[in-house]
Amino acid sequence: MSEIALDLRHLSKVYANGKVALEDVSLQVPAGTFYALLGPNGAGKSTLINMLADIVRPGGGTARLFGHDMFRERAWCKRHMGVVPQEVAFDPFFNPREVLKITSGMFGCKPDMAWIDELLDRLELREQERKTTRQLSGGMRRRLLVAQALVHKPPLVILDEPTAGVDVELRRRLWDFMRELNAAGTTILLTTHYLEEAEELCEHVTIIDRGRVGTDRPMRELMREVAGRYLWLSYGEGFVLTDADKEALAAFQPRSNGRGVCLTLRHAQGGFHEAYEAAVARFGPPQDAGVRQEDLEDVFIRLTRKDNLS
Amino acid sequence: MRPVNPRGAWTLFVRETHRFMKVKMQTIVAPALTAVLYLLIFRYAMGARSVPGLDVDYFSFLIPGLIMMAMLQNAFANTSSSIIVGKVMNVHIYLLMAPLSAIETVAAFLAAAMMRALVVAGVLLLVLAPFSDLGFAHWELIMFYGVCGSILMGGLGLIGGMWAKKFDDMALVNNFIIMPLTFLSGVFYSVTQLPPLWQTVNHFNPFFYLIDGFRYGFIGVGDTDPYMALWVVGGSTLICMLVCWYLWHIGWKVKE
């Protein structure tokens, strides 16, 4: 198989109502990686995934899965790809075991009962296997979607926010399972709003915003070169950052959490004194202050700010 | 996309068949009860009268029509409800994501619709036959019209389901198109009993040929020549299948 699992070139999509969902999106997902596709709501992530899954008609551009044209060799590509959709979808007539057997058959595979048993165990659906999907909780239904995406053992799995509504403990066990699959060679493309999970799991990250690729680089490189430190200054509840404040402190990319202000410190030079003095000059002495290392969430917020688009 | 996934098509067929069997009270028993009620009501309303112009007792005339009407309505309901429930519950994405060609998908849906229609027909025959000494004058016509009618209505259900955005849209199609066409197709009357204008109108109702041909298969008399109507019904079924294939192929109303 090709070393590139997913090779997307110049993908675009304009909906019938004129909304541009994707604009010249290109990315390459190496085989065997755990790959993050991030972006704010409405960025175009789900459109991209739905286009690959054949739920949305393709616009322009090309997409290849392990070297096969996804828009021309649909059947081959669908057999080699599993997708966990963002929206919970469940067939009210069947129980989880039946759903997995049906999904397996529809993907052209003879149901592998040992694998179905393992999926039910690993995704903690064994006790519910004979209940109809109508009787499952939201979290259980979402885990069933994950099982459906894996039941035909695809070499590429696309997870579109698979852990929304799943409790912390189960989430951790789900990720352990995904790590095992990834270690065994499955390529995983993940979209999530839990950015600490993406940071922990993924080797590569692409951030798309308003239909365009903003950042595309290895996670470590992004965190090393883009993630800096920031100075936080607390001014108590009700703190408001006005447009004038933002303009005055623009060099430090200020943002507020409602109790104070965070100022980005320039990566190489540090810039602690400049930032601190600028804040004190603007707001007065803070109640408390400190310096923190940015995580992926901070970087994400900074990179997808409305005034930060190229 | 060429047909490459027979197991997938078979699984979809089995899924659709299981779906209606899981709610058999609603899909099998209820139509049988409705047919018995029609029969009882019309027995008392019509007494022992014969159908004018056909020289056949009303009971023997009515039973095949009721069976065919139930087959048509159930075939339509099977595909239309599956598609609209799928769209509303978002499950239709699994149909779209599966490596199934349009031919395989449509074939599986239509086969399941036909299966439901045949099961309903079988149950109705068992329930209604004791009320009459119904014969099988032309079994080949019974099979032809039964199968074509089921496929045609399954196909219309598929198209209706794809078109509908919500259950209300589906109810609109069912109540304002399908129900009137089936009720006004000669199930309860011979068209020779109608005024000339309405006789002509009836001949433009495709369901009329289905009911009349199917009935001819049982009692050996009818309002039209069932061998001529074979072409009308066969052609309509073929066109309907092609339209279903094309609409599914392009993702009409199911893909954005």
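The values are calculated or read from the model by the stated rules, or taken from the named source; none is laboratory data. Note that this is a predicted model, so its numbers are computed, not measured. Here the Cβ positions follow ideal geometry from the backbone for every residue, glycine too, while neighbour counts run over all protein chains shown.
Only residues that are free of Cβ contacts under 8 Å to residues at least 60 places away in the same chain and out of contact with any Leu (no Cβ under 9 Å at 6 or more places or on another chain): list them for the stretch A:57-68, please.
So in the stretch A:57-68, the residues free of Cβ contacts under 8 Å to residues at least 60 places away in the same chain come out as A:57-63, A:68.
Once the filter is applied, which keeps residues that are free of Cβ contacts under 8 Å to residues at least 60 places away in the same chain and out of contact with any Leu (no Cβ under 9 Å at 6 or more places or on another chain), the stretch A:57-68 yields A:Arg57, A:His68.
Filtered by the rule that a residue be in contact with a Gly (Cβ under 7 Å, 6 or more places away or on another chain) and farther than 23 Å from B:Ile93 by Cα, the stretch A:26-55 gives a lone residue, A:Gly32. Within the stretch B:78-112, the set of residues being in contact with a Pro (Cβ under 7 Å, 6 or more places away or on another chain) and either within 11 Å of another protein chain (Cβ to nearest Cβ) or of a type in the set (Asp, Glu) (or both) comprises B:Met89, B:Ile93, B:Ser101, B:Glu104. Apart from one condition, A:Phe90 fits all of (1) within 26 Å of A:Thr163 (Cβ to Cβ); (2) aromatic (Phe, Trp, Tyr); (3) touching a strand residue (DSSP E or B) at 6+ places or on another chain (Cβ under 8 Å); the exception is (3). In the stretch A:11-40, the residues that are more than 20 Å from A:Thr304 (Cα to Cα) and assigned to a loop (DSSP other than H, G, I, E, B) form Cβ pairs under 9 Å with partners that are at pLDDT below 90 and of a type in the set (A, V, I, L, M), at six or more places apart or across chains, as follows: A:Ala31/A:Met1. For the stretch A:68-97, a residue qualifies if it is facing chain B (nearest Cβ under 10 Å), under 18 Å from A:Lys110 (Cα atoms), crowded, with 18+ Cβ neighbours inside 10 Å and over 22 Å from the mean Cα position of the chain (by Cα), and the qualifying residues are A:Ala75, A:Arg79. Check whether at least one residue in the stretch B:177-195 is assigned to a helix (DSSP H, G or I), modelled with pLDDT of 85 or more and either on the phi > 0 side of the Ramachandran plot or over 19 Å from the mean Cα position of the chain (by Cα) (or both), and report yes or no. Checking the stretch B:177-195: not a single residue is assigned to a helix (DSSP H, G or I), modelled with pLDDT of 85 or more and either on the phi > 0 side of the Ramachandran plot or over 19 Å from the mean Cα position of the chain (by Cα) (or both).
Condition check: away from chain B (no Cβ under 14 Å), closer than 30 Å to A:Leu303 by Cβ, charged (D, E, K, R) and touching a Lys or Arg at 6+ places or on another chain (Cβ under 9 Å). Does A:Glu197 satisfy that? Against the criterion (away from chain B (no Cβ under 14 Å), closer than 30 Å to A:Leu303 by Cβ, charged (D, E, K, R) and touching a Lys or Arg at 6+ places or on another chain (Cβ under 9 Å)), A:Glu197 qualifies.
Could you list, in sequence order, the residues of the stretch A:125-139 that are buried (at least 18 other Cβ atoms within 10 Å of the Cβ) and touching a residue at least 40 places away in the same chain (Cβ under 8 Å)? Result: A:Thr133, A:Leu136.
Summed over the stretch B:1-50, residues that are more than 14 Å from every other protein chain (Cβ to nearest Cβ) and among the polar types (S, T, N, Q) total 2.
Which helices (runs of 4 or more DSSP H) sit wholly inside the stretch B:84-172 and have at least 1 residues that are under 24 Å from B:Val36 (Cα atoms), touching a residue at least 60 places away in the same chain (Cβ under 8 Å) and β-branched (Val, Ile, Thr)?
Values: elements: B:92-97, B:102-128, B:139-163.
Filter on the stretch B:84-172 gives B:102-128, B:139-163.
The residues on offer are B:Ala32, B:Ala70, and the sole one that is touching a helix residue (DSSP H, G or I) at 6+ places or on another chain (Cβ under 6 Å), modelled with pLDDT under 90 and part of a helix (DSSP H, G or I) is B:Ala32.
Criterion first (under 16 Å from the mean Cα position of the chain (by Cα) and over 23 Å from B:Arg7 (Cβ atoms)) does B:Ser150 satisfy it? Spell out the reasoning first.
Working: under 16 Å from the mean Cα position of the chain (by Cα): yes; over 23 Å from B:Arg7 (Cβ atoms): yes.
It is true that B:Ser150 is under 16 Å from the mean Cα position of the chain (by Cα) and over 23 Å from B:Arg7 (Cβ atoms).
Can you confirm whether A:Thr103 is within 21 Å of B:Leu95 (Cα to Cα), hydroxyl-bearing (Ser, Thr, Tyr), modelled with pLDDT of 95 or more and surrounded by 20 or more Cβ atoms within 10 Å (Cβ to Cβ)? Break it down into steps so the answer makes sense when it comes.
Details: within 21 Å of B:Leu95 (Cα to Cα): yes; hydroxyl-bearing (Ser, Thr, Tyr): yes; modelled with pLDDT of 95 or more: yes; surrounded by 20 or more Cβ atoms within 10 Å (Cβ to Cβ): yes.
When the stated conditions are applied, A:Thr103 passes them.
Out of the stretch A:56-67, which residues are more than 12 Å from chain B (Cβ to nearest Cβ), in a loop (DSSP other than H, G, I, E, B) and either in contact with a strand residue (DSSP E or B) (Cβ under 7 Å, 6 or more places away or on another chain) or buried (at least 20 other Cβ atoms within 10 Å of the Cβ) (or both)? Once the filter is applied, which keeps residues that are more than 12 Å from chain B (Cβ to nearest Cβ), in a loop (DSSP other than H, G, I, E, B) and either in contact with a strand residue (DSSP E or B) (Cβ under 7 Å, 6 or more places away or on another chain) or buried (at least 20 other Cβ atoms within 10 Å of the Cβ) (or both), the stretch A:56-67 yields only A:Phe66.
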